[in-house]
1. How long is the gain from residue A:409 to residue A:159 if the chain were fully straight, where each residue apart is worth 0.36 nm and the alpha carbon distance is subtracted?
2. Using r as the Cβ-Cβ distance of residue B:33 and residue A:108, and R0 as 56 Å, what FRET efficiency do you calculate, to the nearest 0.05?
3. According to the Kirkwood expression over distinct Cα-Cα pairs, how big is the hydrodynamic radius of the stretch B:206-259, in Å?
4. Inverting the mean 1/r over all pairs of different Cα atoms, compute the Kirkwood radius of the stretch B:229-375 and quote it in Å.
5. With the crude spin-label approximation of a point 7 Å out along Cα→Cβ, what separation in nm comes out for residue A:326 versus residue B:281?
6. Taking the Cβ-Cβ separation of residue B:428 and residue B:227 as r and a Förster radius of 56 Å, what is the calculated FRET efficiency to the nearest 0.05?
7. Which of B:412, A:112, A:297 has the fewest other C-beta atoms within 10 Å, and how do the rest follow up to the most?
8. Based solely on its DSSP helices, what 222 nm [θ] is calculated for chain A when runs of n ≥ 4 H residues each add -39,500 (n - 2.57) and the sum is averaged over all residues, nearest 500 deg cm²/dmol?
């Protein structure tokens, strides 16, 4: 056994733990592989460490995944780009393991290394590696090879290029669906490296094979490639080759394929240009919007705005808008919900007149939808429609919807609407808010559910930020402070929390004059939970108010609390006192904990 | 093993009856030996090549067997298959390994015990020489990888394990880590190294990598790769792989879920027969299987004796079936037991996907997927039990779930029965083959001497064959049927005429 000098001890441990029985230690060592490499030096890394890793590849997946990732950035540690090829063997074996995420990471790392390698090295070592994997006995190797062609191809000499295209074509017809799926997935990025003449012939024939595959899962991925491939072709070629395929796919027997088309169609439109879009793709899209399968309609509805953006307004009004109308009363709530989340974006596309005439009724009916998700999705995008039609038209229908959501019996729905209140406030303006929403905001502070009270406290703060301290002094603070006398201690705690959030926004003066007295008063509460939360709030106020106020008001109060019979109160009071002594920045009060469940 | 004189297939006409011979038995009971409940086999499955066989038992174990007779020839398997390997050779298996797949559990939320019993095993695509399989109990499906690993020993560490550490070997994962002389922990030193320590350009020569010595010894290691849990409210009766190699289904009494093999935390419900009100429940799912080649087709059977084929392309939730196969009830024959004995206990697709074999309590039925008016053939398995249905109901035997299987060439079907008997029928047009075998070393002992002629007058036009000797309640040797020894599970080798069947804790293998 070697004698190891003391400074080397940790690195020696690190190296030994590459083979420790504990996976956590092995993982740790692998993550520090660069440190090990630097300790060994470039030459020994090349000659010993890398071969060592190549041989020890039967480890757990987590370790292999980490190894695949580390090796991707290992070029500097083996002596630079001219030695990059020594990294290929271990990654090649990792490309053949059966765990997908390890293979994917190994492919990613190989691509990263290959992108930096010198052309000659690519030809001499990278391309043979791709060919070996593509001819692998097990499907795992062949699956991985598909992702490497895009790196191998550009630097290959002409003859080799032909061969690589032929190999890829083979992979597209492999016996194993897994390999064909991988070939379909990578076809787009491989095609991007291929010269135009071959693109039209070789790649298109591979694409055709994949689009006619027996396995739905392969066709599905071929659809995904449509758009990418279409963008590489000239518009007329795209119209000739891709268009018929996608139109065909839009009527595929499998709803999953149609679902994919619905998701991708607008991208294809961009590739083929306006005329084929009008003549072929708009009808196809209309069919998808009226598909029998709800999942397809969901996907299509979700893309309605993106699709309309690339059409001219007349086409959109003439063809798409009628479908949108139908979808707004679709039997599936998820379809309506998907529509509600994007329909606002159509307003700028259609212009003011069409929006008021056609879109507004749809929009209002969605706002009255029986499912809260649908209403929420509309409200969340309110700013977009406001820009087009203005708030006056909206406010009448908006308010009932908001009030209803605010009182929904599912607390998650209430939570969601609270999140949007600041947005609504900014859109609707102070006047509207004062009349209608102010009371709601106060009501949430007394909600049965903690999360709602918590969100309501935050909401109060955000409103104060939005409209400024003066407005808050008039419209929020008095109401909030009133509630400190609520008989329920949990509600009093919410108010304390609100105060701690409001104080930084309101500034030192208001804090001293209005907020602080309330807090000090609360320190006389019967409930210990309130008292230690007072201590916490005071701690946070120390930062805001003047030193003199701290000395005169806060400290005496804290001193009193620090002699409280309750241990938690004493603890937090003394903690606050300490921070007032140190005068350094304490950590902000983050959680409003509920230590002992004392009754109110 | 006995060499066996193979019966040459007749050049034309229906294939002749097979002459079944005993091949092997695993876990044979000695006389008077009590069978342990946990040892009773509850699932049997050959893999796609027929080189491996897996059994699951009530104790949650999975036992793997591997074929020994084809491995040593040096000829690639594919060639062997092509050249119709010479007669006289039949599949022979040896014990490979076993592992504990499921443990008994307790669902605290529902106060339910979850048995460890393996309900189904399905083989998945092999990769890198490792075997993969799915096993399921009532609630949880697990994905297993079984692989040979070379035994490796690590030697030559930087730190002498005995000297440097002083508290156990370096390879131990015990918590006291290597303590440095100055009391600092190595963890802290890592950081010190990373930030400040600069290594000399040539590296540190005194450091070395551990040397790993690989021995010739190999270890079979079974590792659970994924657990697909919490997706079934009722008991899982089936799992089945899709031909796309990436998805599978699991079926319980009321629902069928679709999974991706690589994603264990979500599944999609594709069939849901649960009525809004459970009091309206009249039918449950009893078995489900994917089509062997069409990735979008699957079939499931019900307790009312119907088989539904659904097309996954039609919609996300397949409430409506593409095809329905059921036999119209014969008029006037209805009794208390009609519905119980109509319940299908198992369905299997034939290898080409054209036919579906179903087993109900009394019969085996073969269905042509293109003909939904009725089965193309019906084989009587338990007709002689009809007078005894009352007794069978009393002792719950009527609810026994017998499995069925088809031969790889689709010419024969087989299913189990009581008294450790199983029956093999020829289903090729014109075949009259109907053999009864006993799961013992002498399978033909109870062979019924003359398989009765099928009653085929007009029925032959529609190829409806009703066949199967109307056995009396007493077999040829005068033994009464024994309802406690039932042969529920059996599997046909995918490429050869070889059957593996389970009689309690014993696995019997036969060939012809």
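Just so it is clear, none of the values below were taken in a lab; they were calculated from the coordinates. Remember, it's a predicted structure, so these values are computed and weren't measured experimentally. When we count neighbours, we look across all protein chains shown, and the Cβ atoms used for this are built from the backbone with ideal geometry, even at glycine.
1. Working: separation 250, 0.36 × 250 = 90.00 nm, distance 6.99 nm.
Gain on stretching residue A:409 to residue A:159: 83.0 nm.
2. Numbers: r = 58 Å, r/R0 = 1.03.
Computed FRET efficiency for residue B:33 and residue A:108: 0.45.
3. Details: mean 1/r = 0.0654 Å⁻¹.
Its Kirkwood hydrodynamic radius stands at 15.3 Å.
4. Numbers: mean 1/r = 0.0635 Å⁻¹.
About 15.7 Å for the stretch B:229-375.
5. 3.9
6. Working: r = 43 Å, r/R0 = 0.77.
The pair residue B:428/residue B:227 has a calculated efficiency of 0.85.
7. Numbers: B:412 24, A:112 16, A:297 28.
Fewest to most other Cβ atoms nearby, the residues stand as A:112, B:412, A:297.
8. On the way: 35 runs with 379 residues, N = 600.
Estimated from H runs of four or more residues: -19000 deg cm²/dmol.
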